[in-house]
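To start, the structure under review is shown below, and the notes come after it.
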Amino acid sequence: MVLNPNDLAENMRKHNGFIPGVRPGRKTAEFIDRVLARITLPGAVFLALIAVLPDAVINWLGVPALGFGGTSVLIVVGVALDTLQQIESHLLMRHYEGFVKRGRIRGRARM
């Protein structure tokens, strides 16, 4: 996901949006840029570890091969999450409660 903090801050200002405790304009753009950097760096490090970890384990344990690597795991999880999201949206479009029932206790809705 790529966001331009300056454009986002300008659009927020035009539509009377704000971030509590942050002045509109340049300060908002700086705040958004800082938050994006804090989110992006750990996410990138995590994805790099997932991709490299299976090869490191293979080399460390001396096992010939694990069957699939980190990239395969990321692809499978991404496809599974996307498939569940599409199923959920189709069921909700047809006025069903959804594929995964939330907030149910003994057959009654939670209040």
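Could you grab the relative contact order for region 1-63? Cα pairs under 8 Å, six or more apart, rounded to a whole percent.
27
Please list, in order along region 9-20, the HN-Hα scalar couplings obtained from phi with the Karplus expression 6.51 cos²θ - 1.76 cosθ + 1.60 (θ = phi - 60°), rounded to whole Hz, x for Gly and Pro.
5, 5, 5, 4, 5, 5, 9, 6, x, 7, 10, x
If we count other beta carbons within 10 Å of each Cβ, what is the order of T28, T71, fewest first?
So the ranking, lowest neighbour count to highest, is T71, T28.
Please arrange V79, V2 by counting, for each residue, the other beta carbons lying within 10 Å of its beta carbon, fewest first.
Exposure proxy ranking, most exposed first: V2, V79.
On full extension of the chain, what length is gained from N4 through K27, given 0.36 nm per residue of separation minus the C-alpha to C-alpha distance?
6.9 nm
Read the figures in this text as sums done on the coordinates, not as results from a lab. Owing to the predicted nature of the structure, the values given are computational and were not obtained by experimental measurement. Cβ atoms come from the backbone with ideal geometry, glycine included; neighbour counts cover every protein chain shown.
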